[in-house]
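Below is one structure, written out as structure tokens; comments come after it.
Each value in this text was obtained by applying a stated rule to the coordinates, not by laboratory testing. Everything numeric in this text was worked out from a predicted model, so none of it was measured. For neighbour counting, all protein chains shown are included, and Cβ atoms are generated from backbone atoms with ideal geometry for every residue, glycine included.
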Amino acid sequence: LAAMRKLDLNSESEIFINNKIVVDINNNTKIVKLRMLDDSGRAIVRGKKLNEWVFFLQGDSQNFVGGKNNKSHGVDPQGCITFIDSEIKGISIYAKNIACPNAIHFIRTRGTIDTVKIQNATYDAFDSDFSNLEIKNIEVNNAGQECLGLKGGKYKIINAYLNKCGDKAVSSGEISQTIIEKIEITDSLFGLAAKDSGIIIAKNVKINKTDVCLIAYRNKIEYQGSYINTSESNYLCE
């Protein structure tokens, strides 16, 4: 953070940016617009009372090449925009043409998200670690790797549409519990994946054009097996 510029969002919250991203903050409308100058642009949000803020993240569309750009893996943090140690309520995030390892990343954050829309992520679209989040609506179209990766926390997804996930559409791992009310997954490698002591409880699920609908396993020896609880309907996989 020492090498990043700090800007205030409110009396208890702030955003840090490096010199490869441009930010426009409207404190009255609670809208933050972020435009990446190249794929090493980074923003970090930290604080409390982040209520009903809206974040727009625009990647470097001229140089965006889905699934083929590796430059950003040497840049920390791994998320283009990272929410860390924060308390949020009803925020929304829109991202397009993102080439960071994680387009959107949450770490040790609690609260609710109204809407997430991600279009074109080279690697993981949405990642969260050690957080407690409820997401009312999430839509991901075209991610090179995972569309939704959740670890070490408690998560509730009310409604999700995940399309063209190059790896897992939903991954719940490393002692995380994920409850899904309604989800539609299309054209992905894996549908619902529970790994390394992860749990998925999925109610209304529809999966089409996907290689493997459900997979539960242990990947790392320090964890146990994993668990998926769901109904046997609308699973149309190879």
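Remarks
- Potential lengthening of the chain between residue 22 and residue 204 amounts to 61.5 nm, from the contour at 0.36 nm per residue minus the alpha-carbon distance.
- Cα-based Rg and Dmax for the chain, where Dmax is the largest Cα-Cα distance (Å): 17.1, 52
- Count of lysine pairs in the range 178-238 with Cα separation under 18 Å (8 or more residues apart, or interchain): 4
- Dividing the alpha-carbon radius of gyration of the range 155-238 by the rule-of-thumb value 2.2 N^0.38 Å gives 1.00.
- Among 228-235, 201-208, sorting by the average number of other beta carbon atoms lying within 10 angstrom of each residue, highest first, gives 201-208, 228-235.
- Computed over the range 183-232, the percent of Cα pairs more than 12 Å apart is 61.
- Mean separation of Cα pairs under 8 Å and 6 or more residues apart, divided by the residue count, gives the chain a relative contact order of 10 percent.
- With K and R counted +1 and D and E -1, the other residues having a Cβ less than 10 Å from that of residue 206 yield a net charge of 0.
- At q = 0.19, 0.24, 0.26 Å⁻¹, base-10 log of I(q)/I(0) for the range 1-47 (Debye sum, equal scatterers on each alpha carbon): -0.57, -0.86, -0.98
- If a spin label sat at a point 7 angstrom from the Cα of residue 10 along the line to its beta carbon, the backbone N atoms of the range 89-132 nearer than 20 Å would be those of 89-94, 106-116, 132.
- Extended-chain gain in nm, criterion 0.36 nm per residue less alpha-carbon gap, residue 159 and residue 227: 22.4 nm
- Taken about its Cα centre, the chain carries a charge dipole of roughly 340 debye when the Cβ of each Lys and Arg holds +1 and the Cβ of each Asp and Glu holds -1.
- Given R0 = 25 Å, the distance between the Cβ atoms of residue 3 and residue 29 translates into a calculated FRET efficiency of 0.30.
- Using only alpha carbons, the range 101-189 has a radius of gyration to Kirkwood radius ratio (Rg to Rh) of 0.92.
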